[in-house]
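Data block below; observations after.
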Amino acid sequence: MRANTVEIGVRTDKFTDISVEKRTYRCDPYEVKDGRYVGHDGFVVPKDFSEFYQRFPNYVRQWVTSHVGRSASEQDVEDWTQELLIHLFRLPVKSVHREAGNDDIIQTFDPAKHYGANEARFRNYVNLCLMNKFRTMYSRRMKDALCRPNKLSIDGTLESDSSVTAEFCHSNSTQWRETARTHGRQAVERVLVQDFLHFVGKHDRRILSVVEALLKTETQTEAANALGLTENEFARIRRRLDKLRNCFLTGEPVPKRWRPYRRRLREDLHTNT
């Protein structure tokens, strides 16, 4: 405690700029010595955050511990302590106190506004600053569902009194069941398409390009144009593809592929005769 106090020979009051209304409150005398406020009890107010942290290194952590209770984990206490220290260390960029040349919260302490510069007045000011910031931090954290104390745990990965397993979610959530059913159906369809492509490539590899074109386009006309086929050619291949599909689904043997019909020319007929 001796490091926080100095001997004061003459105590002078510096309250000439206080309004009449504020003078109704009892103002403790203080003086300025070596650029620091000195209260009537001999307490020397730290000049800035660096001096405050050097003289009271565990002040913020002890304050957090006394306000969060025993339910908070060690990691939460450490996180809140570090965030509050950062709050005291640096003023916001748009703070009005920066116009007066202040860089941190400790420098903004004004004994004229807090009716003295003794240790109790200074500690009360620091506690008010910590409480205001802590309320903002706590309110922001409680808006996060994962940080609420009554949260449920999925498969027990989070600390809570209740644990929700995947079976519980499937049996009690209609949306979860429908989503799982949709994902399962899509997975089966993807496997079915791959098996069909393998089946087509095994029995008629030349039709495989038509299947791939149908998968990439939206209409049969676009698929035919992409392959450069006429409507008749594409219709013939489409009928062959339908037969392969039926054989794939029913397990029937695949019929032989017909050769394309070629119309005879009249010259060929006269030559043969």
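The values are calculated or read from the model by the stated rules, or taken from the named source; none is laboratory data. Keep in mind that this is a model prediction, so the values were computed, not measured. We place every Cβ from the backbone using ideal geometry, glycine too, and count neighbours over all the protein chains shown.
Criterion first (aliphatic (A, V, I, L, M) and loosely packed, with under 14 Cβ neighbours inside 10 Å) does Val188 satisfy it?
Details: aliphatic (A, V, I, L, M): yes; loosely packed, with under 14 Cβ neighbours inside 10 Å: yes.
So Val188 fits the description; yes.
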Residue within the stretch 231-247 that is surrounded by 13 or more Cβ atoms within 10 Å (Cβ to Cβ), outside any helix (DSSP H, G or I) and of a type outside the set (Val, Ile, Thr) present: no
List, please: which pairs have Cβ atoms under 7 Å, are six or more places apart or on different chains, and start with a residue in the stretch 75-90 that is hydroxyl-bearing (Ser, Thr, Tyr) and end with one that is assigned to a helix (DSSP H, G or I) and surrounded by 13 or more Cβ atoms within 10 Å (Cβ to Cβ)? Thr81/Val60; Thr81/Arg61; Thr81/Val64
Please tell me if Leu146 is at pLDDT below 75, assigned to a loop (DSSP other than H, G, I, E, B) and either in the same structural domain as Asp79 (by TED's automatic domain parsing) or surrounded by 12 or more Cβ atoms within 10 Å (Cβ to Cβ) (or both). no
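If only one of Arg90, Arg70, Arg98 is touching an Asp or Glu at 6+ places or on another chain (Cβ under 8 Å), at pLDDT below 90 and assigned by TED's automatic domain parsing to the domain that holds Thr136, which one is it?
From the options Arg90, Arg70, Arg98, the qualifying one is Arg90.
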Output the residues belonging to the stretch 38-73 that are without any contact (Cβ under 8 Å) to a residue 40 or more places away in the chain, outside any loop (DSSP other than H, G, I, E, B) and hydrophobic (A, V, I, L, M, F, W, C). Val68
Restricting the stretch 159-189 to residues that are under 30 Å from Ala72 (Cβ atoms) and among the β-branched types (Val, Ile, Thr), the one modelled with the highest pLDDT turns out to be Thr165
Residue by residue through the stretch 73-90, note down the ones that are buried (at least 16 other Cβ atoms within 10 Å of the Cβ) and more than 16 Å from Thr136 (Cα to Cα). Phe89
Looking at Arg26, is it assigned by TED's automatic domain parsing to the domain that holds Arg141 and under 30 Å from Met142 (Cα atoms)? no
Please name all residue pairs, on different chains or six or more residues apart, with Cβ atoms under 9 Å, provided the first residue is in the stretch 213-235 and is in the same structural domain as Val200 (by TED's automatic domain parsing) and the second residue is modelled with pLDDT of 80 or more and assigned to a loop (DSSP other than H, G, I, E, B). Ala224/Thr230
Near pairs, Cβ below 6 angstrom, 6+ apart or cross-chain, from the stretch 182-199 (of a type outside the set (Ser, Thr, Tyr)) to any residue that is part of a helix (DSSP H, G or I): Phe196/Phe248; Phe199/Phe248
Taking the stretch 108-120 and keeping residues buried (at least 17 other Cβ atoms within 10 Å of the Cβ) and either under 15 Å from Phe52 (Cα atoms) or among the small types (Gly, Ala, Ser) (or both) leaves Thr108, Phe109, Gly116, Ala117, Asn118, Glu119
Which of the numbered conditions does Gly251 fail, given that it passes all the others? Conditions: (1) exposed (fewer than 11 other Cβ atoms within 10 Å of the Cβ); (2) at pLDDT below 70. (2)
